[in-house]
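J.: Let me give you the structure first, and then I'll get to my questions.
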Amino acid sequence: MKDYILYGLNEKMYGVLLLCLSHENIFSFREEIEQEPLIKNGSGNILLDQLLVTGNGNNRFVIIPYDNGVIDFSKAHNATVSSKIRELSVELLNANVTSLQNTILTEIQQEMVRNRKAI
């Protein structure tokens, strides 16, 4: 099982949602992500959702540019996202509910994910 989900988006600002499924940060699986077809064969911005890593704070969502398999962390910056993106993240997490264990989320937040309520 991978420690992340890559999901193609049709958003203007970012083309790929990267949702971490463990408490580890993106650097733990960076090389694997850079080999994913969505990243390796394209260019644009990744929208990183770090809910399980950092919680629901200001640094939860990060935009990171990539170009042909190279993720440029030097240009990463925090992002404010729509409720649609938050709902999508919760849907993806709900499909991987076992990932909620051993994370920074509170019991209430875990229950919100199980009930498909956007955080």
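J.: Placing +1 on the Cβ of each Lys and Arg and -1 on the Cβ of each Asp and Glu in the chain, which of Ile63, Asn115, Ala79 has its Cα farthest towards the positive end of the resulting dipole?
T.: Of the options given, the answer is Asn115.
J.: Report the charge-dipole magnitude of the chain in Debye, nearest 20, computed about the Cα centre from +1 at each Lys and Arg Cβ and -1 at each Asp and Glu Cβ.
T.: 360 debye
J.: Using the count of nearby Cβ atoms within 10 Å as a rough guide to exposure, how do Met1, Met112 rank from fewest to most?
T.: In order of increasing Cβ crowding within 10 Å: Met1, Met112.
J.: While we're looking at this one, here's another question. Set the bar at 22 Å for Cα to Cα. Now go through Lys2/Lys84; Lys12/Lys40; Lys2/Lys117; Lys12/Lys84; Lys40/Lys117; Lys12/Lys75 and name every pair that lies beyond it.
T.: On the way: Lys2/Lys84 24 Å; Lys12/Lys40 19 Å; Lys2/Lys117 24 Å; Lys12/Lys84 14 Å; Lys40/Lys117 33 Å; Lys12/Lys75 18 Å.
From Lys2/Lys84; Lys12/Lys40; Lys2/Lys117; Lys12/Lys84; Lys40/Lys117; Lys12/Lys75, over 22 Å: Lys2/Lys84; Lys2/Lys117; Lys40/Lys117.
J.: Once you keep just the Cα pairs under 8 angstrom separated by 6 or more residues, what percentage relative contact order results for the chain?
T.: 21 percent
J.: Now a separate question. I'd like the distance separating the alpha-carbon centroids of the stretch 78-96 and the stretch 59-73, in whole Å.
T.: Each part reduced to its Cα centre gives a spacing of 17 Å.
J.: Going toward the positive end of the dipole of the chain, with +1 on Lys and Arg Cβ and -1 on Asp and Glu Cβ, which of Gly44, Val90, Ser28 do you reach last?
T.: Of Gly44, Val90, Ser28, it is Val90.
J.: Mind sorting Tyr4, Tyr66 by how few other Cβ atoms lie within 10 Å of their own Cβ, fewest first?
T.: Tyr4, Tyr66
J.: Mind sorting Leu93, Leu19 by how few other Cβ atoms lie within 10 Å of their own Cβ, fewest first?
T.: Going from least to most buried by this count: Leu19, Leu93.
J.: Still on this model: Residue-wise, which Karplus ³J(HN,Hα) couplings in Hz belong to the stretch 23-37, taking 6.51 cos²θ - 1.76 cosθ + 1.60, θ = phi - 60°, and x for glycine or proline?
T.: Ordered by residue, 3J(HN,Hα) equals 7, 7, 7, 4, 5, 5, 10, 4, 4, 5, 5, 5, 8, 5, x Hz.
J.: To continue, here is another question. Can you list the HN-Hα couplings for the stretch 68-74, worked out from phi with the Karplus curve (6.51, -1.76, 1.60; θ = phi - 60°), rounded to whole Hz and with x for Gly and Pro?
T.: Once θ is set to phi - 60°, the couplings for the stretch 68-74 become 6, x, 10, 8, 9, 5, 5 Hz.
Bear in mind that the values in this text are calculations on the coordinates, not laboratory data. Because the structure is predicted, anything quoted here is derived from the model rather than measured. A quick note on method: Cβ atoms are made from the backbone with ideal geometry, for glycine too, and the neighbour counts reach across all protein chains shown.
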